[in-house]
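Below is one structure, written out as structure tokens; comments come after it.
The values are calculated or read from the model by the stated rules, or taken from the named source; none is laboratory data. Please read these numbers as outputs of a predicted model, since none were measured by experiment. Methodologically, a virtual Cβ is constructed for each residue, glycine included, from the backbone with ideal geometry; neighbour enumeration extends over all protein chains shown. Just so you know, the surface numbers come from the protein's heavy atoms only, side chains and all, with ligands and any DNA or RNA stripped out. Shrake-Rupley method; radii C 1.70, N 1.55, O 1.52, S 1.80 Å.
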Amino acid sequence: MYSDPKPSFSFLILLFLRLQPLIFSLSTDALPPPTVCIVGSGIGGSSVAHFLRHYFHPSPSQPRPPNIKIFERSYVVGGRMATVSIGGETFEAGASILHPKNYHALNYSNLLGLKVKPPPASEDDDSMSLGIWDGKKFVFKTLQVDSKFPLVQKIVSYVNSFRIFFRYGFSLLKMGSFVESTVDSFLKYYESPERRPIFETVDEMLKWAGLYNLTTQTLQDELIGIKLSPLLIEELVTVITRINYGQSVSISGLAGAVSLAGSGGGLWAVDGGNWQMASGLINSSDVFLHLNEEIESISYLGEYYELNSTKGNSYSCEVAVVATPLDEVNIQFSPAVSIRERKLQHTHATFVRGLLNPAYFGLRTVAEVPELVGTLEDPDLPFTCISVLKQHDENDIIYKIFSREPMSDALLDSIFSARLQTNRIIWGAYPHYKAPELFAPFILDGQHLYYVNAFENAASTMETGAVAAENVARLILSRYFGEASLQSSNLQSFSPDADVSHFDL
């Protein structure tokens, strides 16, 4: 008689090891992937979604990528990137210009196949005529020559450069060095992820790049410290900070340096509207998009968050991300989160198709009014700047006006001799900067509730929003999914399959 052979112990071990991946796969595939909910569809929210997809790497504990839901209270995506139509033309109504070293935005444009263009002449320092208005007179004006000949334009440009240098001297070179040094420090955020830490606080992020000290004192103090001419600070620097941030040179040094960088050459924008970056990133990131749905509460219930909307809907998410300024929304948190109260600087953008009244500026003809009228810091001045966006003919010009307060019809009628069309928009555009800056945390509750806009107190631009979002995405993957799920790889080309709804304001 023969007995049945019994498998050896070593054979059983070997069989178990071979079957383990299959058993594990079957068990984990039965579990739904975690969900990340993002509140806000601007550059911050769309960038978080993009970088979560870009950096995620399957691991034994997390074999499948997360589901991503984005909630937008408006009926369009883009946040503070939006356009306005006037006179048959489309113009940026919110975030308008990008720096040539805004590498995330450049990558987005390349990957999405977006066409870039220079900004309107009034937003490009190399081609505009400039006047600095003190409320009674122009304290400085560049020369204006109405000529289509390139040689004449080049000569006028050289003459204006000389006049600016004659007025402000070598302080211009010191200012350029200050801006260049700040930009070089900011470029550290583009180093490879292997060389770049993941930051849990804005303070850590700024200190690592050598930028933190710039947030501890005002731009004015920074510039006085490097011996800049008081006249340059009072006039040209003030004009730039009022145009870009609606504030004076009392803003923090880092925000001021970013503002000055935004007045240089090589600036660009996305043809058709910068909002297309957010739209494209959302389309390409396999996102469940909830338009026209405002989140009114976020509650942590132990292993997940419950988000409730004003439509009466509830959503469960393992990770929640706030990618919109908490100053502009009324989200109730449970448990409550504690962040420093922050004041936003509201900017009123008024678009006018018509013709300026030269008498308002003490001039005889419209042609004498500079294409860009900047203003000194004076609370009695009703606007921060007026710029030409497009000239159809000598009697039909489209202007953009920035102001801290609404522009009444009576005021506009005194500034303009004719108004064919007027559009008004108000933005909670950026923080009211005040040195030394204090920062909200990226992690609001010590769990998995994140705040992208904490970085805005350092500087608020489209690019800084993308930089903060990239850090938050890496933070989510390292803290919730584990280091094994965080992988660096070269950005790969992608094309959006469909357009997200967007309309001009």
Surrounding charge for Leu363, neighbours by C-beta under 12 angstrom, Lys/Arg +1, Asp/Glu -1, total +2
Quick one: what do you get for the range 123-188 if you divide its Cα Rg by 2.2 N^0.38 Å? 1.39
Paramagnetic reach from Ile164 (point 7 Å along Cα→Cβ, amide N under 16 Å) across the range 140-158: 140-145, 153-158
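Within the range 352-461, what whole-number % of the accessible surface is contributed by carbon and sulfur, with the 1.4 Å probe and all protein chains included in the calculation?
Working: 2290 of 4500 Å².
Ligands and nucleic acids excluded, carbon and sulfur give 51 percent.
Please list, by residue number, every one of the chymotrypsin sites (Phe, Trp or Tyr not before Pro) in the range 169-221 that is coil in DSSP and has at most 12 other beta-carbon atoms within 10 Å.
Of the chymotrypsin sites (Phe, Trp or Tyr not before Pro), the ones in loops of the range 169-221 whose Cβ has at most 12 other Cβ atoms within 10 Å are Phe170.
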Could you give the size of the charge dipole of the range 64-104 about its Cα centre, using +1 on the Cβ of each K and R and -1 on the Cβ of each D and E, expressed in debye and rounded to the nearest 20? 340
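Rank these residues by their accessible area, most exposed first, probe 1.4 Å: Lys311, Lys148.
On the way: Lys311 115, Lys148 175 Å².
The residues order as Lys148, Lys311, largest area first.
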Computed about the Cα centre, the charge dipole of the range 354-405 from +1 Lys/Arg and -1 Asp/Glu charges at the Cβ has a magnitude in debye, to the nearest 20, of 100
Partnerless cysteines, meaning none of the other Cys C-beta atoms lie under 4.7 Å away, in the chain: Cys385
Förster radius 41 Å - calculated FRET efficiency between Ser59 and Arg404, Cβ distance, rounded to 0.05: 0.20
Per residue, in Å², the accessible surface of the chain once ligands and nucleic acids are set aside, probe 1.4 Å: 47
With Cβ to Cβ distances under 15 Å as the rule, what net charge do the other residues near Lys69 carry (K, R +1; D, E -1)? -3
How big is the range 238-394 along each principal axis, measuring the range of its Cα positions in Å and listing the largest first? 69, 35, 30
To one decimal place, what Kirkwood hydrodynamic radius in Å is obtained for the chain from all pairs of distinct Cα atoms? 24.9
Unit charges on C-beta of K, R, D, E only; dipole of the chain, Debye: 680
Fraction of beta bridges assigned by DSSP in the chain that are antiparallel (%, nearest 5): 70
